[in-house]
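Participant: Quick one: the structure is below, questions incoming.
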Amino acid sequence: MPLPRSFNSLVKSAGRRQLTSRYAPPYSRLFLRSCSCSVPQRLQKSVNFVAQASDKNAQLNPTTSDPPTPPTDHRILAQTHDLFITSPFSPGSPLLLPNGAYIFQRLQSFLRAQYPQFGFREVITPTIYKKSLWETSGHWENYAEDMFSVQGRGTTGHTDNAGTGQDEEFGLKPMNCPGHCLLFKDNIMSYRDLPIRYADFSALHRNEISGALTGLTRVRRFHQDDAHIFCRPDQILSEIEQTLKFVGMVYDTFGLGPYKLLLSTRPEEHFIGTVDEWDRAEQQLTAALGNSGREWALNEGDGAFYGPKIDIILKDANGKEHQTATIQLDFQLPQRFDLQYQASPEELKLDMPPREGETLDTANRRPVIVHRAIYGSLERFMALLIEHYAGKYPFWISPRPAIILSLNQDPKVLDHVAHLQAVLAGLRTPDSEPISFDSPQDFTARAKPQPLSTIHLPIDVDTSARSLGKKIAEAQSKKYNHVIVVGPKEVETGRLKLEVVNQPNSAASQRVLESTVGRAMQDSDWVKGRIAVGLDAGTARKYFEGLVDGYI
């Protein structure tokens, strides 16, 4: 049920507070700034929340005054763990090192693995478009100052009376939605085809002011787990409910929170569409939030001018709040791009008076676009994870899941280290022929493709001549999840000694290990409060696969 207006008026003063950064431009330049295609803005003030829950057993996720971890700075941690660097040659465009790229790709892979069950199909769209596309979407008029313009070969943008597409300058895309509108419009859609869900990880560019650039949290080049759902008006409720379920699953998997759900409704002025359209959309969003079983709050009058929205507000390690996930309805872009679908018999029975200036065929209807991002900016989400985990990453996303340390420089020990590294990384099977650590590669042998289902892990080795104590101390300081020691005893038995040193969910890890080895851990399996067991390479590999499969 929608909230009565009398109730809304009680929270109006709280709900109308602005949630954008102090760097946000005035209203005239706010076109789609809050779209799911936008970088989540750091919140300067918290909204006074009025809790809404469907019942007393609801899962409440209010933010609290206690940050999730001790205060940290992701930029300092990035140096310690070799995640990314910045360069004056490209301000606001982080350069991800292999460890940072591994986390980034894990984030993408995680969502890609979930897309089929939620009905999303991934697309790839251009990075630059001609000015005329941005004029159609409205960005050139309202957002050009935040866009990077590009001049291609033979284009100056100064030819008088040039036709559409002739001598136009280009713009680097700050958002994916116009491109997705082009994809939708390419075919004649029936009501039976909807909803259509496009997902996109394309790079986006925004010309943020230099004084606002900060590490991964405020950048000029970034990526989003961006998606747009083209649906019928009667499908809004089910799509929002599914999206909220998607959001909850993701944040629970990462152990992130607490977070707030915030519903922003129709502005009093400067909105597009009819009041009836807004009321119906808000009713469906309200019903979806109520059915979610999570706490939410009303922020009346603070919706984008093109539609109402639901924002997820997450507190970082320093106690500051960020908008991460967002779900927004859009009535404007379908009209600007003349998107339409063949109406159902039920829709044709409804008497829908055309809008002023509307040229829509009477047998067709306009879809509603749901802008959806769960991470928001992957770069900003990475920053929150870096600070949240403080270097102690869950195994499945850790850039340092394990390191193998040699006890000495014996060639047999080094060969065993090389064999174990290949098996644990997923490059060889346990029964493969042993390989020599320092033998030259056979470039005449044919390379065989790895199965797409293989879980590849970045297993490091340290075969330096330093003492084992120094190697272990360095491995622990670098927050490796597991330390594996190999000496003459392991060479003789063909096994390894594995110690769990930095695994966040130690209880879950122990359960996976016990399930893999087929027995409970005993007193002899513990050293200084940590599990340290002897395993063969195949069992260790199965244990690692179990951690990845369980998102542990």
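The values are calculated or read from the model by the stated rules, or taken from the named source; none is laboratory data. Everything numeric in this text was worked out from a predicted model, so none of it was measured. No Cβ is skipped: glycine too gets one built from the backbone with ideal geometry, and neighbour counts run over all protein chains shown. In case anyone asks, the SASA skips ligands and DNA or RNA and just uses the protein heavy atoms, side chains included. Shrake-Rupley method; radii C 1.70, N 1.55, O 1.52, S 1.80 Å.
Participant: Under a Cβ-only charge scheme (Lys and Arg +1, Asp and Glu -1), can you give me the dipole magnitude of segment 334-397 about the Cα centre, in debye to the nearest 20?
Facilitator: Using only the charged Cβ atoms, the result is roughly 340 debye.
Participant: May I pose another question? How much length is gained if the chain between Ser453 and Leu427 is pulled fully straight, taking 0.36 nm per residue apart and subtracting their Cα-Cα distance, in nm to one decimal?
Facilitator: Gain on extension, Ser453 to Leu427, equals 8.1 nm.
Participant: Same structure, new question: Can you figure out the FRET efficiency of Asn408 with Gln108, using R₀ = 41 Å and their beta-carbon distance, to the nearest 0.05?
Facilitator: 0.50
Participant: Another one. Less than 14 Å Cβ to Cβ from Glu492, Lys/Arg counted +1 and Asp/Glu -1: what total charge do the surrounding residues give?
Facilitator: My count for the surroundings of Glu492 gives 0.
Participant: Ignoring ligands, DNA and RNA, how do Trp526, Trp396 rank by accessible area with a 1.4 Å probe, largest first?
Facilitator: Trp526, Trp396
Participant: What part of the accessible area of segment 225-332, given as a whole %, is carbon or sulfur when the probe is 1.4 angstrom?
Facilitator: About 47 percent, which is the carbon plus sulfur part of the accessible surface.
Participant: At 1.4 Å probe size, with no ligands or nucleic acids counted, give the accessible surface of Ile209 in Å², nearest ten.
Facilitator: Its heavy atoms expose roughly 100 Å² to the probe.
Participant: If I stretch the segment between Leu348 and Leu468 completely, what's the gain in nm (0.36 nm per residue apart, minus their alpha carbon distance), one decimal?
Facilitator: 35.5 nm
Participant: Measuring from centroid to centroid over Cα atoms, what is the spacing of segment 498-530 and segment 374-419 in Å?
Facilitator: 18
Participant: Same structure again: So what's the net charge close to Asn99: Lys and Arg +1, Asp and Glu -1, counting the other residues with Cβ under 9 Å from its Cβ?
Facilitator: The answer is 0.
Participant: Further question: Let me spell out the model: positive unit charges on the Cβ of Lys and Arg, negative unit charges on the Cβ of Asp and Glu, origin at the Cα centre of segment 173-286. What dipole size does that give, in debye rounded to 20?
Facilitator: 520
Participant: Moving to a separate point now. Please give the per residue accessible area of segment 245-310, computed with a probe of 1.4 Å over protein heavy atoms only, in Å².
Facilitator: So segment 245-310 comes to 31 Å² accessible per residue, rounded to a whole number.
Participant: Once you have the alpha carbon radius of gyration of segment 452-509, what is it after dividing by 2.2 N^0.38 Å, with N set to its residue count?
Facilitator: Here the answer is 1.30, to two decimals.
Participant: Continuing with this model, one more query. Could you report the accessible area of Arg466 in Å², rounded to 10, computed with a 1.4 Å probe on the protein chains as they sit in the structure?
Facilitator: Accessible area, nearest 10 Å²: 90 Å².
Participant: Could you state the accessible area per residue of segment 473-512 in Å², with a 1.4 Å probe and every protein chain left in place?
Facilitator: 45
Participant: By how many nm would the segment from Glu135 to Thr80 lengthen if fully extended, with 0.36 nm per residue of separation less the alpha-carbon distance?
Facilitator: Here the segment from Glu135 to Thr80 would lengthen by 15.3 nm.
Participant: Taking the Cα-to-Cβ direction at Val527 and at Ala445 and moving 7 Å from each Cα, how far apart do the two end points lie in nm?
Facilitator: For the pair Val527/Ala445, the computed spacing is 3.2 nm.
Participant: Can I ask one more? So what are the ³J(HN,Hα) numbers for segment 489-496, from phi and the Karplus equation (6.51, -1.76, 1.60; θ = phi - 60°), rounded to whole Hz, Gly and Pro as x?
Facilitator: Karplus-based 3J(HN,Hα) across segment 489-496 equals 5, 5, 5, 5, 8, x, 10, 8 Hz.
Participant: How charged is the neighbourhood of Ile459? Take every other residue with its Cβ under 11 Å from the Cβ of Ile459, and add Lys/Arg as +1 and Asp/Glu as -1.
Facilitator: The answer is +1.
Participant: Same structure, new question: Roll a 1.4 Å probe over the protein heavy atoms and report the accessible area of Asp234 in Å², nearest 10.
Facilitator: The value for Asp234 is about 100 Å².
Participant: Which one, Ala227, Leu213, Gly273, projects farthest toward the positive side of the charge dipole computed for segment 159-280 from Cβ point charges (K/R +1, D/E -1)?
Facilitator: Leu213
Participant: Would you rank Val485, Val533 by solvent-accessible area, highest first, keeping every protein chain in place and using a 1.4 Å probe?
Facilitator: Val485, Val533
Participant: Okay, next question. Which of the lysines could be linked to Lys470 by a straight reach, that is with a Cα gap under 25 Å, when you skip same-chain ones fewer than 8 residues away?
Facilitator: Filter leaves Lys392, Lys412, Lys478, Lys479, Lys489, Lys497, Lys528.
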